[in-house]
Every structure is written in structure tokens, then in C-alpha cells.
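Some notes on the structure that comes next.
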Amino acid sequence: MREDLSALPVSTLRGVGAKIAEKLSKLGLNSLYDLLFHLPLRYEDRTCVVPVGSLVSGQKALVDVRVELTDVLFRGRRSMSCRVSDGSGFLTLRFFHFSASQRKGLERGQRLCCFGEVRAGSSGYEMIHPEYQQLDEEAVLPVEGALTPIYPLTEGLQQRSLRKLVGQALVKWNELEGDATDKSLPELIPQVVLDRENFSTLDESLKFLHSPPSDISIERFEAGRLPQQQRLVFEELIAHHLSLSRLRHLARLQNAPTLKPTNRLSALFVRRLSFSLTSAQQRVISEVSGNLASGRPMMRLVQGDVGSGKTVVAAMAALSALENGYQVALMAPTELLAEQHYQNFLNWFEPLGQRVVFLTGRQKGKARKEALEMIGNGQAGVVIGTHALFQESVEFSKLGLVIIDEQHRFGVHQRLALRDKGKKNGLQPHQLVMTATPIPRTLAMMSYADLDLSVIDELPPGRTPVVTSVVSSERRGEVVERIQGWVESGRQVYWVCTLIEESELLQCEAAEESEKMLKAALPGVRIALVHGRMKPDEKNSVMQLFKARKIDLLVATTVIEVGVDVPNAGLMVIENAERLGLSQLHQLRGRVGRGVGDSYCLLMYRAPLSETANYRLSILRRSADGFYIAEQDLKLRGPGEVLGTRQTGQLQFRIADLVRDEALLPAVVEAAELIQRDYPEQVQPLIQRWLGKAVNYGEV
Ligand code: ADP
Ligand code: MG
């Protein structure tokens, strides 16, 4: 009888009871089939014993040693240090958590086998919390025959047990394969596609990754270019592409309000603007109107560098909805930015007789109740806010268009949830997504395949490029002097304090410090502070004062990163610029250079500057092209960081890496299209295999 690996639950394996099965299920591992596609994250080399004398820093190594001396230290934090040697050199094992029995087991003379990462410590090389095992004198060292795969885990599941389970699954698979009619693990990529590439087979690739042969070095694995790896990378990328195209396809089967432009409001709006639209803005506006009038839900991403004028494009789209009696929701990632949009839309739309309403999560009581009422009864034409707009309690009367600003902070699934929210009478609202983080083409191909793309590739006329320089914080005095002169000439300044990966609190404290220092150094200058822990009202009133030129120097944390628009501020100083990503710095810099006159950005760093940090900052000095900068950023930091989606779980691949595997992408797209056309029955199994339950199409 033929058996299917996906019909064999993990509970059929030795050692898997209800508890372990539940933990495995958390990782999406329910059957033996799932286990085989649970790919190692990386490998460790325990195939040979390394003499202590030849260890190098950063290396992960297996050593065979004897304890010389074990000590418990109380310097600051209690720790146990264990000096070991193998005759070729000394090494310190360091433990911050340890038990009394552990301590006892590390008596002088005890033989140990340890595996850990070597680093330089205060007294020579050390390993922190190595894995170790006590060995008898005559014991044979537990050296592995091949590299050890390291799998993604969940709490309460040991690496060693998972490895054993995968091993059992491989054995079972082998048995089934003996059967000539075996279909236990079907090949889902058509042969015609595989024939074009020089990959290994699926079977061979999986076996290779789970139990690597003994002659492959860890470096070759880490490079990720082995034909066995590339075979699976290829398939995974195809599956992602298929999944996104399906989302797109399903969404396009929905009906949406038909929003034909009447020009009733928009003509008036354009006439009242103090500038004329750039041709790039006009082009994108007409692309948007085409979608809005089509009766199918628009899903369009508008990319435009900072300052390219995306807000006006959003306003034009909003007017189409209003002209047709529909409501518009505009969502921004921060309160500050939402507030600024609110002010803009208020100025633009109230004279046209349209009601603009503001809604954030912090609004309480009467104000909130009133806002909700106007949204519910349709009086509010435009509703602006943060993601609070899409809470349960918010009911729109007739939502026709959702605009999301600075899209990279929201994931695909949030986008879908949003669309659901507004669905009424079988009509799906249109969606317009705007981002200033230019998305490199390769990324756009994989992660935004569900959206149409418009690019505003032109800045409004009269912008002067921002002169960017990189200065050491040791020259802070000169910088402060320069601010003095700048303010005397009637212009305003941003001073941005940065701290990443640390608490917002610390960031605010740093900003307060800087404010104090600047106030002391510049007594005649009007200085104010804005940071993330201030109440929205406070933040807002500081911003309004700055806009009204009642403040000369605004000290800020990175809250001003997105959207803030004060054309008279032409000088920006960024403290500790080396800590930020390029795209983020580019965004910040986009706050200046918005008015007439020269503008400057000083990237201040704390010496010494590492070589990569220096290189990164020099990219900003040389280029003002957001696309180029994003490409470089992507190369240096990887896609998760660039798109800010690391937390949202988007773009999580098991084996693919968009940067490393970029060259495969054209073939991936071609193969995905061929499968869709000629082998549609493979689409679902491929998506299921690689994305599992992560995608819920029911919600589209
Ligand atoms: P971003 O694309 O960064 O969101 P904004 O929409 O905030 O840019 O626009 C930046 C500034 O440029 C605003 O002050 C806006 O009024 C102005 N602006 C937009 N379009 C034009 C244009 N065609 N000509 C001149 N100024 C414009
Ligand atoms: Mg903007």
C-alpha cells in the first residue's frame, strides 16, 4: 500500500507524545512531510577536534580539554569561570547561570568535551555558556561524521530532539521510496522548468540539507549557492510569487465602487493650489483615476522620494471618492504625521465644503464619540488617523477609498485586514498606498507583486540639493557656531538625536541632554524639544510653533522622520548618524531642502567610525537618489531591515535570501507564470508546501 508522508502525523514517530506534538504544531509541523520541509537555519561543525592553541576568535569549535581551575567570581555579576587546557593552550569557559552541582562537576583534572563560540576575553580566549559534556579518561570523543544542522525551534523543544525526529522522518521516507509507485513526496515543479536549470533533484536536495555529506565545508553551506540549496530556494521563491499573484487575482475579482471623476471638486482644488502639478504627479493621478473608475478595487503603490509631493496625489484621489458620495480613510503610521495630514486636508477641503475628521487611539470621551458618530452617519467625508481607524468600534457609512501613507510599516496582511474592514454591500474599497522608501525592483517583484506600481520620479521645481557632510562629534563646537549664524540669517534648524535598538525612554533622555547643551551654548536662540513620549497635543503645539517660526531650533528624536514639512528649516544636524540605516537617514534629510535657498545636512558621528559605517555615510554624502540609496541599504543590511517588516513576519523565507538569490528572480517569475498557465493544479500544493497556513485567502 502506498503511504503519503503528509498523512503520517508526527505522533507516529518515537518520542512524540501529545506535549511534543503540540510544540511541533506551533512550528507548523504536523506531519512527516512538514518535518522534511523544516529546513536548517545553519550548520555547526563538530566533525573534528580543534587544538585550543589554534582557535581563532569568532570560530565555533569542538575542543577536548581538562579543567585546570574553577572559580566563582563576584565582580559585578556573579559568574563561574573555568580555566581549561589541552596542552596546546588555555581557554576560559564562562557561565552566568550555573548550579552547585555544575560547579562540582568541574573539578580540577576533569576531562571535558566542549562546543562553543570562541571570543577574546580579558584573559585570553573564552567560550560563554558552551555546551559541554564530562568525559571519562578512556571515552571516545563524540565527534560527528558530518556538519550538524541547526533548526528553527520553539520554546521547550530541544535542538537535539528535533534533529532526531527529522532523522526518523528521513528513515521512514527512505522505506516508502523503495516502493516503485512512491508518491510520498511529489515533485511540484514541471520537468520543462527544471530542465532549464542546473539544480539537484528535490529528493536529493532535501536529504542533502538534513544530513549533509561529510566532505562539504561549512563555508560552502553558508555561501548558499550549492545546487541542492538553489533547487529549494527556487521552489520557495516560486511559491511566494504564486501566492502573491493569487492574492492579486482574487482581489481583482471583487467589485468596488465606480468612482468617475466629475471634476466638481478637483478642478476647484487644483485652481486653489499655489503651485502647478508636476508632470509626474499628473501622470500618477491619471493612473489612479483609471483604477478608481474601473469598478474593480484599486491596489496601487505610489512610490515617490521624500518631497516629491505624494500628499497632493492622495488628495486628488480622495476628491474622486468625495465627488461620488463616498468616504475616504487616510491612515498614517504616527500621530504626528496623521496630525499633519489632518491640518493639510483641513486647509484644502474645508473651503470645498468637505468635512475632515481626525481620529487616533488616544482620543477619549466626547471627542471620540463625536468623531465616531460623524464617521458612522457619513457626515465625515475624510477621516484621518493612525491604525486606530481600523479598530472594531469604527464603522464607516460608505467607505470608498483607503489611503495608507508610508506603507512600509504595514505588512501585506494588515493591508488585507484593512480592505475587509470597509467591505459593504459586496463592494470593496479602493486602496492607495504611498511610500517614500523606494523599494528596489527585486524586492518589489517579490513582496509587492499584489500591488500595481506608480512612481513619482520628479521633484517639484526649485528644490536645491541638500549639501551633506560627515563630521566628527569632536567638532560639535564648530557645528554649534554654525547654527548661531544660520539662525541669525532668519532660518531654522533641526537637531536630531538618534539611538536605535534601545528604549524610547533612553532616546528621549538623550534628546533632553542635547537640548540642555544647546540651550547653554546658544542663549539667544529659541529652542524647543519634541520627542515620542510627549502627549500628542504637546508635540503638536511644538510643531505648530516651529512652523510659525516662533522656534529657531527644534531638537527632536526620530519622530520627525516622516512627513514633517517646514520649508524654512534648511539645516539639519543628525547626532550619531552612524547608528541609523541609510534609508532612514535619507528620509530625515528629506525634511530639509524643501524651500528656497541652500540647505545642509550634517551627519555627526562619534569617532572612531568603523569602515562600513564610514562607507555607508559616504553614500549619503554622494547621492540624493532615494532609489540608489535603498539599493545600497539593501545590500548592506538585508530586506527585512530596509522594509521595516522584520516584526510583521512578512518576507520570511525558509531558505531563500532576496539579496543573495537576486539572480534567480527572472527565472522564478517566468516559471511561476508557466505553472499558472500550464500546470494550474500545482499552484495550491506549492503554496501549501512553502507558506502553509500563513496565508488566509478567505479574508481577501
Ligand atoms: P512627500 O512626497 O514627501 O509626502 P509632500 O506631499 O509632503 O511630499 O510635499 C512636499 C512639499 O512640496 C509640500 O510642501 C507640498 O505642498 C509641496 N509640493 C507638492 N507638489 C508640488 C508641486 N507640484 N510644486 C511645488 N510644490 C509642491
Ligand atoms: Mg509624505
If the requirement is being under 25 Å from A444 (Cα atoms), open to solvent by 70 Å² or more (accessible area, probe 1.4 Å) and polar (S, T, N, Q), which of these qualifies: S279, S214?
S279
S541 meets each of (1) more than 16 Å from ligand 2 (Cβ to nearest atom); (2) in contact (Cβ under 8 Å) with a residue 12 or more places away in the chain with one exception, condition (2)
Counting only residues in segment 650-669 that are at pLDDT below 85 and in contact with a His (Cβ under 8 Å, 6 or more places away or on another chain), the one most open to solvent (accessible area, probe 1.4 Å) is identified as F653
Select from segment 329-342 the residues that are more than 16 Å from ligand 2 (Cβ to nearest atom) and not in a strand (DSSP E or B) and list them in ascending order.
none
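Is it true that L301 is within 13 Å of ligand 2 (Cβ to nearest atom), assigned to a strand (DSSP E or B) and closer than 30 Å to K547 by Cα? Give the steps one after another, and end with the answer.
Details: within 13 Å of ligand 2 (Cβ to nearest atom): no; assigned to a strand (DSSP E or B): yes; closer than 30 Å to K547 by Cα: yes.
So L301 does not fit the description; no.
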Scanning segment 284-298 for residues that are open to solvent by 20 Å² or more (accessible area, probe 1.4 Å) and in contact (Cβ under 8 Å) with a residue 40 or more places away in the chain, which turns out nearest to ligand 2 (Cβ to nearest atom)?
E287
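Regarding segment 305-317, can at least one residue be identified that is polar (S, T, N, Q) and either more than 13 Å from ligand 1 (Cβ to nearest atom) or surrounded by fewer than 17 Cβ atoms within 10 Å (Cβ to Cβ) (or both)? Outline the logic, then answer.
Step one: list which residues in segment 305-317 are polar (S, T, N, Q), which gives 308, 311.
Next, from what is left, pick out any that are either more than 13 Å from ligand 1 (Cβ to nearest atom) or surrounded by fewer than 17 Cβ atoms within 10 Å (Cβ to Cβ) (or both): none.
Looking through segment 305-317, none of the residues is polar (S, T, N, Q) and either more than 13 Å from ligand 1 (Cβ to nearest atom) or surrounded by fewer than 17 Cβ atoms within 10 Å (Cβ to Cβ) (or both).
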When both residues are 6+ apart or on different chains and their Cβ atoms are under 9 Å apart, which pairs have a first residue that lies in segment 263-277 and is closer than 10 Å to M316 by Cα, and a second that is assigned to a helix (DSSP H, G or I) and of a type in the set (F, W, Y)?
L265/F349; F269/W348; F269/F349
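Looking at segment 85-124, which of its residues are of a type outside the set (A, V, I, L, M), open to solvent by less than 70 Å² (accessible area, probe 1.4 Å) and part of a loop (DSSP other than H, G, I, E, B)? Step through it out loud before you land on a result.
Filtering segment 85-124 for residues of a type outside the set (A, V, I, L, M) gives 85-90, 92, 94-99, 101-105, 107-111, 113-117, 119, 121-124.
From what is left, the residues that are open to solvent by less than 70 Å² (accessible area, probe 1.4 Å) are 85-86, 88-89, 92, 94-96, 98-99, 102, 105, 109-111, 113-116, 121, 123-124.
The answer is D86, S88, G89, F96, F98, S99, G105, G109, Q110, S123.
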Within segment 338-350, can one find any residue that is at pLDDT below 95 and either aromatic (F, W, Y) or farther than 30 Å from V592 by Cβ (or both)?
yes
Show the residue pairs that are 6+ apart or on different chains and have beta-carbon atoms under 7 Å apart, the first residue being within segment 587-603 and open to solvent by 40 Å² or more (accessible area, probe 1.4 Å), the second being within 16 Å of ligand 2 (Cβ to nearest atom).
R594/G307; R594/D565; R594/P567
Residues satisfying the stated conditions in segment 307-328, i.e. more than 12 Å from ligand 2 (Cβ to nearest atom), closer than 18 Å to V284 by Cβ and among the small types (G, A, S)
A317, A318, S320, A321
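Per-residue answers, yes or no, for (1) touching a Cys at 6+ places or on another chain (Cβ under 7 Å); (2) open to solvent by 70 Å² or more (accessible area, probe 1.4 Å):
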{"position": "A61", "(1), (2)": "no, no"}
{"position": "V65", "(1), (2)": "yes, no"}
{"position": "L69", "(1), (2)": "no, yes"}
{"position": "R77", "(1), (2)": "no, yes"}
{"position": "R83", "(1), (2)": "no, yes"}
{"position": "A146", "(1), (2)": "no, no"}
{"position": "R163", "(1), (2)": "no, no"}
Quick test for you: out of V56, V118, V84, pick the one residue that is over 39 Å from the mean Cα position of the chain (by Cα) and touching a residue at least 24 places away in the same chain (Cβ under 8 Å).
V84
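When you check R368 against the structure, is it more than 16 Å from ligand 1 (Cβ to nearest atom), part of a helix (DSSP H, G or I) and either of a type in the set (G, A, S) or more than 22 Å from L259 (Cα to Cα) (or both), yes or no?
Values: more than 16 Å from ligand 1 (Cβ to nearest atom): yes; part of a helix (DSSP H, G or I): yes; either of a type in the set (G, A, S) or more than 22 Å from L259 (Cα to Cα) (or both): yes.
In short, yes.
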Could you tell me whether H408 is open to solvent by less than 20 Å² (accessible area, probe 1.4 Å) and modelled with pLDDT under 65?
yes
Only one residue in R225, R220, R248, R264 is under 29 Å from L188 (Cα atoms), part of a loop (DSSP other than H, G, I, E, B), open to solvent by 20 Å² or more (accessible area, probe 1.4 Å) and among the charged types (D, E, K, R), so which one is that?
R225
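Of the residues that make up segment 287-303, is at least one within 12 Å of ligand 1 (Cβ to nearest atom), farther than 30 Å from Q684 by Cα and of a type outside the set (A, V, I, L, M)? Working first, answer last.
The first filter runs over segment 287-303 and keeps only residues within 12 Å of ligand 1 (Cβ to nearest atom), leaving 302-303.
This time we only want the ones that are farther than 30 Å from Q684 by Cα, so: 302-303.
Filter once more, keeping what is of a type outside the set (A, V, I, L, M): 303.
Yes, the conditions are met somewhere in segment 287-303.
With the condition kept exactly as written, say whether any residue in segment 343-350 is open to solvent by less than 10 Å² (accessible area, probe 1.4 Å), within 14 Å of ligand 2 (Cβ to nearest atom) and in contact with a helix residue (DSSP H, G or I) (Cβ under 8 Å, 6 or more places away or on another chain). Step through it out loud before you land on a result.
Kept after step one, since they are open to solvent by less than 10 Å² (accessible area, probe 1.4 Å), are these residues of segment 343-350: 345, 349.
Next, from what is left, pick out any that are within 14 Å of ligand 2 (Cβ to nearest atom): 345.
Keeping just the survivors that are in contact with a helix residue (DSSP H, G or I) (Cβ under 8 Å, 6 or more places away or on another chain) gives 345.
Scanning segment 343-350 turns up at least one residue that is open to solvent by less than 10 Å² (accessible area, probe 1.4 Å), within 14 Å of ligand 2 (Cβ to nearest atom) and in contact with a helix residue (DSSP H, G or I) (Cβ under 8 Å, 6 or more places away or on another chain).
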Test for G698: is it modelled with pLDDT under 80 and either surrounded by fewer than 14 Cβ atoms within 10 Å (Cβ to Cβ) or not in a helix (DSSP H, G or I) (or both)
yes
Could you tell me whether any residue of segment 230-241 is surrounded by 14 or more Cβ atoms within 10 Å (Cβ to Cβ) and free of Cβ contacts under 8 Å to residues at least 40 places away in the same chain?
yes
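Here's the yes/no breakdown for (1) more than 20 Å from L91 (Cα to Cα); (2) in the same structural domain as S205 (by TED's automatic domain parsing); (3) open to solvent by 40 Å² or more (accessible area, probe 1.4 Å):
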{"position": "V10", "(1), (2), (3)": "yes, yes, no"}
{"position": "S25", "(1), (2), (3)": "yes, yes, yes"}
{"position": "Y33", "(1), (2), (3)": "yes, yes, no"}
{"position": "G53", "(1), (2), (3)": "no, no, yes"}
What's the number of the only condition in (1) crowded, with 16+ Cβ neighbours inside 10 Å; (2) modelled with pLDDT under 85; (3) among the polar types (S, T, N, Q); (4) touching a Leu at 6+ places or on another chain (Cβ under 8 Å) that T612 fails to meet?
(1)
State all residues of segment 670-695 that are modelled with pLDDT of 90 or more and β-branched (V, I, T); if no residue qualifies, say none.
I675, V683, I687
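State whether one or more residues within segment 320-331 are touching a residue at least 60 places away in the same chain (Cβ under 8 Å), within 30 Å of L585 (Cβ to Cβ), within 16 Å of ligand 1 (Cβ to nearest atom) and touching a Gly at 6+ places or on another chain (Cβ under 8 Å). Walk me through it before giving the result.
In the first step, residues of segment 320-331 are kept if they are touching a residue at least 60 places away in the same chain (Cβ under 8 Å); the result is 320-331.
Filter once more, keeping what is within 30 Å of L585 (Cβ to Cβ): 330-331.
Applying the additional criterion that residues be within 16 Å of ligand 1 (Cβ to nearest atom) yields 330-331.
With the extra rule that they be touching a Gly at 6+ places or on another chain (Cβ under 8 Å), the set shrinks to 330-331.
For segment 320-331, residues touching a residue at least 60 places away in the same chain (Cβ under 8 Å), within 30 Å of L585 (Cβ to Cβ), within 16 Å of ligand 1 (Cβ to nearest atom) and touching a Gly at 6+ places or on another chain (Cβ under 8 Å): present.
The values are calculated or read from the model by the stated rules, or taken from the named source; none is laboratory data. The shown structure was predicted, so the numbers you read here are calculated from the model rather than taken from an experiment. Heads up, the Cβs are rebuilt from the backbone with ideal geometry, glycines too, and the neighbour counts pull from every protein chain shown. Just so you know, the surface numbers come from the protein's heavy atoms only, side chains and all, with ligands and any DNA or RNA stripped out. Shrake-Rupley method; radii C 1.70, N 1.55, O 1.52, S 1.80 Å.
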